[in-house]
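The values are calculated or read from the model by the stated rules, or taken from the named source; none is laboratory data. Everything quoted here is computed from the prediction, not taken from an experiment. Quick reminder, even Gly has a Cβ in these numbers, built from the backbone with ideal geometry, and neighbours come from all protein chains shown.
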Amino acid sequence: MRHQSATAHELARVELLAGLPGETLASLGQRMQRHTVSPGESVVAEGEPSDRFYVVLSGLLSVSQAERGRRNLLRPGDYFGEVGLVMDVPRTATVKGMTPAAVASCDRGTFDEIVRPLFTN
């Protein structure tokens, strides 16, 4: 898995982030790590500590819960991981690659500084 940042252009395709000023998007992008995800590979697992916020850059990811099965499909422009960070609870679902995919993630500090305020508007 190679690590590089996400571009402001990629992040602007995420509806939640699209309204951020360009320099804020660029700063966020530099602080995010890009991860490639293989089909079947877990990005996060239900019950794990919540420590990162993710955006989907490419590919498809499935969201499932142990008691309820498959819940959702994530596509480019979608995001996940915010529930655990905002509510300070463990991961509420497992997210796995369905196709080859790319995600970008940031740590709790970056989330709290740049992304969390977007959920209070």
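From the residues in region 102-117 that are of a type outside the set (D, E, K, R) and assigned to a helix (DSSP H, G or I), which one is farthest from the chain's Cα centre (by Cα)? Before you say what the answer is, go through the steps one by one.
Residues of region 102-117 that are of a type outside the set (D, E, K, R), as a first pass: 102-106, 109-111, 114-115, 117.
Those left that are additionally assigned to a helix (DSSP H, G or I): 109-111, 114-115, 117.
Values: Gly109: 14, Thr110: 13, Phe111: 10, Ile114: 14, Val115: 11, Pro117: 16 Å.
Result: Pro117.
Hey, Thr92 hits all of (1) over 25 Å from His9 (Cβ atoms); (2) modelled with pLDDT of 95 or more; (3) part of a loop (DSSP other than H, G, I, E, B) but one; which does it fall short on?
Only one criterion in (1) over 25 Å from His9 (Cβ atoms); (2) modelled with pLDDT of 95 or more; (3) part of a loop (DSSP other than H, G, I, E, B) is unmet by Thr92, namely (2).
With the structure loaded, tell me whether Glu67 is at negative phi, at pLDDT below 95, of a type in the set (Asp, Glu) and exposed (fewer than 14 other Cβ atoms within 10 Å of the Cβ) or whether it fails that test. Write out each step before concluding.
Values: at negative phi: yes; at pLDDT below 95: yes; of a type in the set (Asp, Glu): yes; exposed (fewer than 14 other Cβ atoms within 10 Å of the Cβ): yes.
Answer is yes for this residue.
If I filter region 43-54 down to residues being among the aliphatic types (A, V, I, L, M) and within 11 Å of the chain's Cα centre (by Cα), which single residue comes out as surrounded by the most Cβ atoms within 10 Å (Cβ to Cβ)?
Residues of region 43-54 among the aliphatic types (A, V, I, L, M): 43-45.
Checking the rest, the ones that are also within 11 Å of the chain's Cα centre (by Cα) come to 43-44.
Working: Val43: 22, Val44: 24.
The extreme case among them is Val44.
For residues in region 47-64 being out of contact with any Pro (no Cβ under 8 Å at 6 or more places or on another chain) and either part of a loop (DSSP other than H, G, I, E, B) or within 13 Å of Ser105 (Cβ to Cβ) (or both), which is modelled with the lowest pLDDT? Give the derivation first.
If we filter region 47-64 for residues that are out of contact with any Pro (no Cβ under 8 Å at 6 or more places or on another chain), which is where we start, we get 51-55, 60-64.
Add one more test, that the residue is either part of a loop (DSSP other than H, G, I, E, B) or within 13 Å of Ser105 (Cβ to Cβ) (or both), and what stays is 51-55, 60-61.
Details: Asp51: 94, Arg52: 97, Phe53: 97, Tyr54: 97, Val55: 97, Leu60: 98, Leu61: 98.
This residue is Asp51.
Please go through region 6-26 and pick out each residue that is of a type outside the set (A, V, I, L, M) and crowded, with 16+ Cβ neighbours inside 10 Å.
Applying the first criterion (of a type outside the set (A, V, I, L, M)) to region 6-26 yields 7, 9-10, 13, 15, 19, 21-24.
Matches in region 6-26: Thr7, Glu10.
Of Gly40, Gly77, Gly84, which residue is buried (at least 19 other Cβ atoms within 10 Å of the Cβ), in contact (Cβ under 8 Å) with a residue 24 or more places away in the chain and either part of a loop (DSSP other than H, G, I, E, B) or touching a Lys or Arg at 6+ places or on another chain (Cβ under 6 Å) (or both)? Break it down stepwise before answering.
Details: Gly40 fails: buried (at least 19 other Cβ atoms within 10 Å of the Cβ); Gly77 fails: buried (at least 19 other Cβ atoms within 10 Å of the Cβ).
Being buried (at least 19 other Cβ atoms within 10 Å of the Cβ), in contact (Cβ under 8 Å) with a residue 24 or more places away in the chain and either part of a loop (DSSP other than H, G, I, E, B) or touching a Lys or Arg at 6+ places or on another chain (Cβ under 6 Å) (or both) holds for just one of Gly40, Gly77, Gly84, which is Gly84.
Working only within region 14-30, note down all residues that are under 13 Å from the mean Cα position of the chain (by Cα) and charged (D, E, K, R). First the steps, then the outcome.
Step one: list which residues in region 14-30 are under 13 Å from the mean Cα position of the chain (by Cα), which gives 14-17, 28-29.
Across region 14-30, the qualifying residue is only Glu15.
Of all residues in region 59-99, count the ones that are under 16 Å from Leu17 (Cβ atoms) and under 13 Å from the mean Cα position of the chain (by Cα).
Taking region 59-99 and keeping what is under 16 Å from Leu17 (Cβ atoms), we get 74-82, 85-86.
Next cut, under 13 Å from the mean Cα position of the chain (by Cα) only: 74-82, 85.
Residues in region 59-99 being under 16 Å from Leu17 (Cβ atoms) and under 13 Å from the mean Cα position of the chain (by Cα): 10 in total.
Kindly establish whether Thr7 is among the hydroxyl-bearing types (Ser, Thr, Tyr), out of contact with any Asp or Glu (no Cβ under 9 Å at 6 or more places or on another chain) and on the phi < 0 side of the Ramachandran plot.
Answer is yes for this residue.
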